[in-house]
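So the structure is just underneath, and the comments pick up after that.
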Amino acid sequence: ASGGLPPPELDRLLQVEAAYDAECARLDKMRQLLARRTQEVHVLRRRAEEVPVRSELVQYERRFAELYEQAGAKLDATRTGFSRYNSLADALKFLQKEASILTSVLTHYPSVSQKEDKMAPFLEQIQGIQSNAQDTLGKVRAKLEEAQRRRDGINDSLNKELEKQRRYFALLEAFQRRCAEHEALVRQGAPPGYPALH
């Protein structure tokens, strides 16, 4: 491999080749290091992009509030439907009972009206039915009054919570306005002594 070179030239050539190989190895290490650093930068950039900015957070908050309202409306509609169904089922039960009683009276009255000894027990039975109906009516009215009291209590709680929500949104709006003012001042170069928020 000497190629006829004198020994000093050959030594110099070997030194240059060794230096070249060392620099190539160093270059490969630097490329690997650069590739790793580039990957780390991309990972950090992706993480930074995943963190929502203030406008996205506000948008998310509004959307969650809308979804909460929609879910509340669906829940109210469902409760109203169940309540209406239960009321109609109770009314149907009472009407069927009333029809049964009237049918029974209509069927038995002609045979009872002709016999004096059967009329008194028949009238007692009618009075018992009337007494039961009055008791049932009293229970239903008590249930209605209790439901109205509960509804009034819930409405009072709802009004208090709505007032809290209005205050929260007003404070949030004022806070966002102050943040925007602060950012504008920081961009303009805030005066010395102005507290910086970070």
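Can you give the accessible area of Tyr60 in Å² (nearest 10), computed on protein heavy atoms with a 1.4 Å probe?
So the heavy atoms of Tyr60 present about 120 Å² to solvent.
Any idea how far apart Lys143 and Ala77 come out in nm if each label point goes 7 Å out from Cα toward Cβ?
About 2.7 nm separates the two model spin labels.
What distance in nm lies between label points placed 7 Å from Cα along the C-beta direction at Thr107 and Gln70?
Those two pseudo-labels are separated by 5.5 nm.
Calculate for the chain the 222 nm mean residue ellipticity that helices alone would give, adding -39,500 (n - 2.57) per DSSP H run of length 4 or more and normalising by residue count, nearest 500 deg cm²/dmol.
My calculation for the chain gives -34000 deg cm²/dmol from helical runs alone.
So how many Lys-Lys pairs in the chain land under 29 Å Cα to Cα, not counting same-chain pairs under 8 apart?
For the chain, qualifying lysine pairs total 11.
Could you go through segment 5-10 in sequence order and give the Karplus-derived ³J(HN,Hα) for each residue, using 6.51 cos²θ - 1.76 cosθ + 1.60 with θ = phi - 60°, rounded to whole Hz, and x for Gly and Pro?
7, x, x, x, 5, 5
Considering segment 1-52, what Rg and Dmax in Å follow from its alpha-carbon atoms?
Taking only Cα atoms of segment 1-52, I get Rg and Dmax of 21.4, 70 Å.
In whole percent, and with a 1.4 Å probe on the protein chains, what portion of the accessible area of the chain is carbon and sulfur?
Carbon plus sulfur share of accessible area: 58 percent.
Find which of Ala35, Gln15, Ala77 sits farthest along the positive direction of the dipole of the chain, computed with +1 on the beta-carbon of Lys and Arg, -1 on that of Asp and Glu, about the Cα centre.
Ala77
I'd like the orientation of helix 54-113 relative to the chain: the angle between its Cα long axis and the longest Cα principal axis, in ° from 0 to 90, rounded to 10.
Once rounded, one gets 20 degrees.
What Kirkwood hydrodynamic radius do you get for the chain when you take the inverse of the mean 1/r over all pairs of distinct Cα atoms, in Å? Walk me through the numbers before you get to the answer.
On the way: mean 1/r = 0.0352 Å⁻¹.
About 28.4 Å, per the Kirkwood formula over Cα pairs.
Helix 116-188 against the longest principal axis of the chain: what's the angle in degrees, Cα atoms only, rounded to the nearest 10?
20
Measure off 7 Å from each Cα along the Cα-to-Cβ vector at Gln125 and Asp21, then give the distance between these two points in nanometres to one decimal.
12.1
How long is the gain from Arg187 to Lys29 if the chain were fully straight, where each residue apart is worth 0.36 nm and the alpha carbon distance is subtracted?
Separation in residues times 0.36 nm, less the Cα-Cα distance, equals 52.7 nm.
Averaged per residue, what accessible surface does the chain expose to a 1.4 Å probe, in Å²?
90
The values are calculated or read from the model by the stated rules, or taken from the named source; none is laboratory data. Worth saying up front: this structure is predicted, and the values here are computed from it rather than measured. Cβ coordinates were reconstructed from backbone atoms using ideal geometry, including for glycine residues, and neighbour counts include every protein chain displayed. Just so you know, the surface numbers come from the protein's heavy atoms only, side chains and all, with ligands and any DNA or RNA stripped out. Shrake-Rupley method; radii C 1.70, N 1.55, O 1.52, S 1.80 Å.
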